[in-house]
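Every number in this text was worked out from the coordinates using simple rules, so none of it is lab data. Treat the numbers as computed from the prediction; the structure is a model and nothing was measured. Cβ coordinates were reconstructed from backbone atoms using ideal geometry, including for glycine residues, and neighbour counts include every protein chain displayed.
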Amino acid sequence: MYQKADKLEKRMKIISKDDNSIKNNENKKIRCFISIEIPEKIKQKINEFLNNIKISKCRLINVENLHITILFIGYVDKINITKIKEILERIEISPFEVKLNGINIFPNNSRIIFINIDENKFIWKLNKDIENELINKKIIQDFGKKHNEQKFVSHITFARCKNIKYSQIKQIIEKYSNYDFGTFDCNEINLKQSTLKKNGPIYNTLFSIKFNKKHNFQIII
């Protein structure tokens, strides 16, 4: 269930190895990802939750930076931003409901603590179809058959930890495993630029695509 989320971490590590060379070409490359924005009312509830918990050795993510990642793209040429937008504009989908329920970690990886998203076929299909199209257009790398067969797990990362064991956070994970963070209607996706800084990344929305067509989900190429 969690394999593809772990693969996302591996992809980010692979991409990060090229950071030094890319920094010399920052005017040509943009680090970006496709995401769903979290509504303010949900952010407020998450913020209340974060203010009432204490997790040692963990850095809480700024509430304003919380999001649901549909697909981490990594570094792309600026010229490809237009191509990405053209692909996303071909999406035909009605708004859908997203439910946030409980917190968890990935198996064998207690460095990331996240908010669960109830299984959602729309988010899963967005990930799969957009990724396939970006691979077909040679905008992102194809990680092979094994990766393509892995299941995408949508989530909201709210804490990153260092040198911590599961036993140290087990109690809080179990306590809030069914915590209701609320439900919202998703009616758009965004392409975000991520600029890495010493105190954490800075996100900037490059463009948004609204869902306004009442059809079954498909991407028409």
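Would you mind getting me the FRET efficiency between residue 92 and residue 41? Use the beta-carbon distance for r and R0 = 25 Å, nearest 0.05.
Values: r = 28 Å, r/R0 = 1.11.
So, using R0 = 25 Å, E works out to roughly 0.35.
Cα atoms only, the range 37-113: Rg and Dmax in Å?
Rg and Dmax of the range 37-113, Cα atoms, are 16.6, 45 Å.
Among 115-123, 66-74, how do they line up by average Cβ neighbours within 10 Å per residue, starting with the highest?
So the peptides 115-123, 66-74, ranked by packing, come out 66-74, 115-123.
With a 10 Å radius around each residue's Cβ, average the other Cβ atoms per peptide and rank 49-57, 129-137, 158-166, 28-36, highest first.
My ranking of the peptides, most packed first, is 28-36, 129-137, 158-166, 49-57.
Between residue 79 and residue 59, how high is the FRET efficiency from 1/(1 + (r/R0)^6) when r is the Cβ-Cβ distance and R₀ = 30 Å? Nearest 0.05.
0.30
Select from 186, 200, 171 the residue farthest towards the positive end of the dipole of the range 164-216; place +1 on Cβ of Lys and Arg, -1 on Cβ of Asp and Glu, and compute about the Cα centre.
Value: 200.
If r is the Cβ-Cβ distance from residue 99 to residue 198 and R0 is 41 Å, what FRET efficiency results, to the nearest 0.05? Write out the running numbers ahead of the final one.
Numbers: r = 35 Å, r/R0 = 0.86.
It comes out at approximately 0.70.
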